[in-house]
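Worksheet: the structure to be examined is printed underneath.
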Amino acid sequence: MNRGALEVQEVSPGYGFLAAKPAVPDGYKQTEVGIIPEDWEAPLVGDVCGCIVPGRNKPKVFDGIIPWITTPDLDGGKLVTTSKAGLSISLAEAKSVGSKIIPPGSILMSCAGELGIVAKTASEIVVNQQLHAFLPKGRIYADFLLYALSHRKDQIAALGTKTAVPYLNKSSCNSIPIPLAPLCEQRAIATALSDVDALLEELDRLIAKKRAIKQASMQQLLTGQTRLPGFEGEWETKRLVEIASLQRGFDLPTSRLKHGDYPVVYSNGIWGYHLKAMVKGPGVVTGRSGTLGRIHYIEEDYWPHNTTLWVTNFHNNNPKFISYLYEKVGFERFASGSGVPTLNRNDAHGYEVAIPPSNEEQAAIADTLSNNDAELEALEQRRTKTTALKKAMMQELLTGRTRLVNSAG
């Protein structure tokens, strides 16, 4: 029988209601965690791990060397070494609040608020009341447990209390069922997924580096500190209203939105397409209320929503250059209002900046920064694809649908 085939089973005798469920292929079995290979198990976490719960009280003094770890320190399954807030306590303080020292190689999991966020400890730590720690025993490899719990995050969240702040107690944590491959296969699975994580971390470093290069380039090129070859002459200082003046966008209630070819630009970007455009492209749009500071460059004709301000007149300046210039200006500085922030157009119009004396230099600067953006976008797309690859690998490897070479035994 093919894996993934469906068999029809009557679930309500007398009524004839039918439901389809996946057939169990040869060599596999149905368990609480789904269909897994026959040589796998489906134990509860408490069967293969010890568990450390946090102390009941928060430390009063943070003057030690043992990191005090909280949920924000759990960063996508990465190793936890220090508190991002720089909080550390002493052994004496840990004892005074009833907190046990959690050893390296333990698996942390968030058990209050957003449930099921996991990470592995790289050193001795103490955790706050929102985290529990699992101490893998001989039957389970720590990194495999990390991925197995991460893969079951949705199911773990469903076990939480139905309260304003969802919570998992120690008993609930120990009752989480997980798939368990033979130990050698656990290591092979964890190694394969760790390799993908290493690639994602490298892409994150490259993206951060590329963003830093872009910011440095904008600072140098958009202030005249660095001039591109072939350009000279003094830059001119002008008010923004003289460079690229802004106007409020146009009302478009959701009920009037008719699907078409023209992008509707809101304060946080394009959010739908309409039959009609109000403005000829290219255009530059920024948020007027709600999301402030983001600059959107639009090549085609478009509809600027009334939550935005759009450039009505570029005054013979290069539109792409203006988009980068306005990004550097940072329009969030003109926010007003204590509730929903609103951009004060008059304040923005009065702000002064220097611009190149020629449109040609503006275009050259825009091209240079556009190349940086293209490289950054390529990296971000690669990261998105790699993230999707990891998700697919977890689905295959952590259910035994795909068995790794030399994994049995």
Taking Leu108 as meeting all but one of (1) free of Cβ contacts under 8 Å to residues at least 40 places away in the same chain; (2) part of a strand (DSSP E or B); (3) surrounded by fewer than 20 Cβ atoms within 10 Å (Cβ to Cβ); (4) not charged (D, E, K, R), write down the number of the exception. (3)
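Given the criterion among the polar types (S, T, N, Q), in contact (Cβ under 8 Å) with a residue 60 or more places away in the chain and either surrounded by fewer than 15 Cβ atoms within 10 Å (Cβ to Cβ) or more than 30 Å from Leu343 (Cβ to Cβ) (or both), identify the matching residue among Gln219, Gln247, Gln225, Gln215. Talk me through it step by step, then tell me what you get.
Working: Gln247 fails: either surrounded by fewer than 15 Cβ atoms within 10 Å (Cβ to Cβ) or more than 30 Å from Leu343 (Cβ to Cβ) (or both); Gln225 fails: in contact (Cβ under 8 Å) with a residue 60 or more places away in the chain; Gln215 fails: in contact (Cβ under 8 Å) with a residue 60 or more places away in the chain.
Of the residues listed, the single one that is among the polar types (S, T, N, Q), in contact (Cβ under 8 Å) with a residue 60 or more places away in the chain and either surrounded by fewer than 15 Cβ atoms within 10 Å (Cβ to Cβ) or more than 30 Å from Leu343 (Cβ to Cβ) (or both) is Gln219.
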Six or more apart or on different chains, Cβ under 7 Å: which pairs go from a residue in region 114-134 that's in contact (Cβ under 8 Å) with a residue 24 or more places away in the chain and open to solvent by 10 Å² or more (accessible area, probe 1.4 Å) to one that's of a type outside the set (A, V, I, L, M, F, W, C) and part of a strand (DSSP E or B)? Could you list them? Ile117/Ser110; Gln130/Ser110
Go through region 325-358 and report how many residues are within 24 Å of Gln220 (Cβ to Cβ) and of a type in the set (S, T, N, Q). 1
Polar (S, T, N, Q), open to solvent by less than 20 Å² (accessible area, probe 1.4 Å), out of contact with any Ser or Thr (no Cβ under 7 Å at 6 or more places or on another chain) and within 28 Å of Lys210 (Cβ to Cβ), is that true of Gln362? yes
The one condition in (1) part of a helix (DSSP H, G or I); (2) in contact (Cβ under 8 Å) with a residue 60 or more places away in the chain; (3) closer than 15 Å to Leu246 by Cα; (4) within 29 Å of the chain's Cα centre (by Cα) that Ser323 fails to fulfil: (2)
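Say whether the condition of being of a type in the set (Ser, Thr, Tyr) and either under 29 Å from Leu379 (Cα atoms) or not in a loop (DSSP other than H, G, I, E, B) (or both) is met by at least one residue in region 134-146. Write out each step before concluding.
Our first condition is that a residue be of a type in the set (Ser, Thr, Tyr); within region 134-146, this holds for 141.
When the remaining residues are screened for being either under 29 Å from Leu379 (Cα atoms) or not in a loop (DSSP other than H, G, I, E, B) (or both), the result is none.
Checking region 134-146: not a single residue is of a type in the set (Ser, Thr, Tyr) and either under 29 Å from Leu379 (Cα atoms) or not in a loop (DSSP other than H, G, I, E, B) (or both).
State whether one or more residues within region 182-190 are in contact with a strand residue (DSSP E or B) (Cβ under 8 Å, 6 or more places away or on another chain), open to solvent by less than 40 Å² (accessible area, probe 1.4 Å) and acidic (Asp, Glu). Please lay out each step first, then the result.
The first filter runs over region 182-190 and keeps only residues in contact with a strand residue (DSSP E or B) (Cβ under 8 Å, 6 or more places away or on another chain), leaving 186.
With the extra rule that they be open to solvent by less than 40 Å² (accessible area, probe 1.4 Å), the set shrinks to 186.
Then drop every residue that is not acidic (Asp, Glu), which leaves none.
Within region 182-190 (the criterion being in contact with a strand residue (DSSP E or B) (Cβ under 8 Å, 6 or more places away or on another chain), open to solvent by less than 40 Å² (accessible area, probe 1.4 Å) and acidic (Asp, Glu)), the answer is no, since none of the residues qualifies.
The values are calculated or read from the model by the stated rules, or taken from the named source; none is laboratory data. Computed from a prediction, not measured in an experiment: that's the story for all the values here. Reconstructed Cβ throughout: ideal geometry from the backbone, glycine too, with neighbour counts over all protein chains shown. Ligands, DNA and RNA are stripped out before the accessible areas are found, and what is left, the full protein with its side chains, is counted by its heavy atoms. Shrake-Rupley method; radii C 1.70, N 1.55, O 1.52, S 1.80 Å.
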